[in-house]
Amino acid sequence: MKTALWRVVLLFLVPIAVAGCKPGADEGKAAKAEAAQPRDPSIVIADKAIVGQLKIESLAQGTVRQSLRIPGRVALDERHVARIGANATGRVMDVRVVVGQYVKAGEVLASVHSSEQSSAQFALLKAKADVDFTDRAVARARQLYEADVISLAELQRRENELRVAAAQLRAAEAELRVFGLTDVEIRRIENTGEVHATFFLKSNIAGTVVERSVSRGQVVQPSDKLITVADLSRVWVVAEVPEQDSSTMDTGQQVDIEIPALAQRRITTQLAYVAETVDPETRTVLVRTEVPNADGHLKPEMLATLVIAGGSSDALLISGEAVINEDGRDHVFVELAPGRYKYTLVDLGDERDGVRVVRGGVSAGQRVVTQGAFHLNGERRKDALGG
C-alpha cells in the first residue's frame, strides 16, 4: 500500500521538475536581474561613429625631465638703477618729474637751495685766489733768487706754499663735484667768481622714474633717498629656492618663466646667479634670471613662477589630450572592451611638452583613449542627464 502511494507522488513531482528545467528559463531570470541592477555611470558604450574618431594607446614608460616650480617675482635690474639723493642739506625749490616719466641721462630732476653749497663755492674761490697769489709770489721769488737777493731756502718756502694752495684748490673742486657740479660748471665759477646757492639733482642714467619721495619745500639731508630712476628695458626675475633643492641649481641651467598676469606668455632663459649662502631666516637660496623687456610688459613686483629644469628619469606617461578635467580633478577613458570605456579618476603631474606623468589611477599596459576623449565625455554627460 505504501509503495503504491509513493509511486503516485512521484508521478506528480516528475512533470513539475521537468517543467522547472525548461531551456531558457534560467537565462531569462538572469537577464531580468541584470536589467534591474543600476547602470554604472562611469561606463560609456560608444557606437561605431564615435569609435571611429577615437585613438587608443597602451600606457608605457618614457623619459621625462624633472622640474622644480618656485614662486618668484619680477625685480629691477640693480645694475641699471640710480637712487638719487641730495648731496647737502637744503630746501627743495622745485621738482620736475613724476613717477612713470622717462628721463635722459643728465636731465635735471629737482633743484635744492643749500647754504652748504654756497659755502663750498666760496671755499673754491678763496682757494683759487690763494693759488693765483702764491703763483705770482713764486714767480717774483725766482727773479729775486736769480738776482741773488733772496736765498734758495726762501724760494723753496714759497714754492711749497704754492703746492699747498694748489692742493687746497683741488680739494675744493672735488667737494663741488660731490654736490653734482661738472668740471665745466666749476671752471665757470672760478672764472666768473659767481656763487650759486642752488644745486640740481640730475639723473645718472636714462630710464623711468619708478619712485619719488620728495616735494617742493621739503628740507632734505644727504642721507635721504629722493628719486629712483631705473632702466626697465631689462629686468630680473628672482626666486628663493628651498635649501634642500639648492644643490640641483647651477648657473646656465634652463628656466621657464610663467607670468600669471601675462597668461599667454612663457619665457625661456637661464639661471644667471645662484647665491652662495643660505638665508638663515627663510632657509632658502636666492636665484636670479635676466630677461629682456623692450616692450615694457614685465613690470617690477609682478608675480612669477620659475620652472627650473632638473635631471631626467623614467616614468609612466600619458598624452595631455587624453585628460578630462572636471571640478579640478583629472580623468581618462580606459578601454574595457571594443566600444566600452570607463571614466577613470587619475593622479597626474603637471603637463610638460604635451605629456603628463602618471602617479596613480592607471597602470602600464592599460589602453587609454588619447584622442577624442571629449566625444566620450559628451556621451557620458548625456547619459547622466537621461538623454
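Quick note: the coordinates plus some simple rules give every number you see, no bench work behind them. Values in this document were obtained by computation on a predicted structure and should not be read as measured data. Cβ sites come from the backbone with ideal geometry, for glycine too, and all protein chains shown count toward neighbours.
Just the projected area, averaged over all directions, of the convex hull on the alpha carbon atoms of the chain: how many nm²? Walk me through the numbers on the way to the answer.
Numbers: hull surface 162.5 nm².
Seen from a random direction, the Cα hull of the chain projects 40.6 nm² on average.
With a point put 7 Å past each Cα toward its Cβ, work out how far Arg79 is from Ile205 in nm, to one decimal.
With each label point 7 Å from Cα toward Cβ, the separation is 1.0 nm.
Could you pull out every residue, at least 5 positions away or on a different chain, whose amide H is within less than 5 Å of the one on Leu317? Hs are placed 1.01 Å off N in the peptide plane, and Pro or chain starts have none.
Residues meeting the amide H criterion: Ala60, Gly62, Val358.
So how much slack lies between Arg367 and Asp350, counting 0.36 nm per residue of separation and subtracting their Cα-Cα distance, in nm?
In short, 4.0 nm is gained.
Roughly speaking, what is the stretch gain from Leu262 to Ala384, that is 0.36 nm per residue apart minus the C-alpha to C-alpha distance, in nm to one decimal? Intermediate results must be reported in sequence, preceding the final value.
On the way: separation 122, 0.36 × 122 = 43.92 nm, distance 3.76 nm.
Stretched out fully, the Leu262 to Ala384 stretch lengthens by 40.2 nm.
The stretch 285-317 to the stretch 354-387: how many Å between their Cα centroids?
32 Å
Just from its helices, what would the mean residue ellipticity at 222 nm be for the chain, if runs of 4 or more DSSP H residues each count -39500 (n - 2.57) and the sum is divided by every residue, rounded to the nearest 500 deg cm²/dmol?
So the calculated ellipticity at 222 nm is -10000 deg cm²/dmol.
So what is the diffusion coefficient of the stretch 194-317 in µm² per second by Stokes-Einstein at 4 °C and 1.567 mPa s, using a Kirkwood Rh over Cα pairs? If you can, show how the numbers build up before the last one.
Details: Rh = 18.0 Å.
My calculation gives 72 µm²/s for D.
Set the Förster distance to 51 Å, then compute FRET efficiency between Asp47 and Thr251 from the Cβ-Cβ distance, nearest 0.05. Could the numbers behind the result be given before it?
Numbers: r = 58 Å, r/R0 = 1.13.
Approximately 0.30, to the nearest 0.05.
Kirkwood Rh, Cα Rg: Rg to Rh for the stretch 279-333?
On the way: Rg = 18.4 Å, Rh = 16.5 Å.
Checking Rg against Rh, the ratio lands at 1.12.
Give me a comma-separated list of calculated 3J(HN,Hα) values for the stretch 373-384, in order, Karplus coefficients 6.51, -1.76, 1.60 applied at θ = phi - 60°, integers in Hz, x for any Gly or Pro.
4, 5, 5, 5, 5, x, 5, 4, 5, 5, 5, 5
Pop out the ³J(HN,Hα) list for the stretch 327-338 in order, Karplus 6.51 cos²θ - 1.76 cosθ + 1.60 with θ = phi - 60°, rounded to Hz; leave Gly and Pro as x.
6, x, 10, 8, 9, 9, 9, 9, 6, 8, 7, x
In nanometres, what is the gap between the two model label sites at Arg136 and Ser223, each 7 Å from Cα along Cα-to-Cβ?
4.6 nm
Can you pull the Kirkwood radius for the stretch 34-142, inverse mean 1/r over Cα pairs, to one decimal in Å?
24.8 Å
Debye calculation, C-alpha points only, no solvent: report log10 I(q)/I(0) for the stretch 273-387 at q = 0.17 Å⁻¹, in the same order as the q values.
-0.92
Classify the stretch 115-196 as rounded, prolate or oblate, taking a ≥ b ≥ c as the square roots of the eigenvalues of its Cα gyration tensor: rounded when a/c is under 1.5, otherwise prolate if a/b is larger than b/c and oblate if not.
On the way: a/c = 3.65, a/b = 2.89, b/c = 1.26.
Judged from the Cα gyration tensor, the stretch 115-196 comes out prolate (a/c at least 1.5, a/b above b/c).
log10 I(q)/I(0), Debye, Cα-only the stretch 180-242, no solvent, q = 0.30 Å⁻¹?
Values, matching the q order: -1.28.
Taking amide H positions as placed 1.01 Å from N in the peptide plane, with prolines and chain starts having none, which residues 5 or more places from Ala105, or on another chain, fall under 5 Å of its amide H?
Here the answer is Ala206, since their amide H atoms fall under 5 Å of that of Ala105.
Provide, for the chain, the number of lysine pairs with alpha carbons under 21 Å apart, each pair being eight or more places apart or on different chains.
Lysine pairs, 8 or more places apart or on different chains, close enough: 9.
Pulled fully out, how much extra length does the chain show between Arg187 and Ala123, if you take 0.36 nm times their separation in residues and subtract their Cα-Cα distance? Could you put the intermediate results ahead of the total?
Working: separation 64, 0.36 × 64 = 23.04 nm, distance 1.38 nm.
The span from Arg187 to Ala123 would gain 21.7 nm if fully extended.
Considering only Met249, Thr282, Thr305, whose Cα is most displaced toward the positive end of the charge dipole of the chain, charges sitting on Cβ of Lys, Arg (+1) and Asp, Glu (-1)?
Value: Thr305.
Whole-Hz Karplus ³J(HN,Hα) for the stretch 242-258, in order, using 6.51 cos²θ - 1.76 cosθ + 1.60 and θ = phi - 60°, x for Gly and Pro?
x, 4, 5, 9, 5, 5, 8, 8, 7, 4, x, 6, 5, 9, 9, 10, 10
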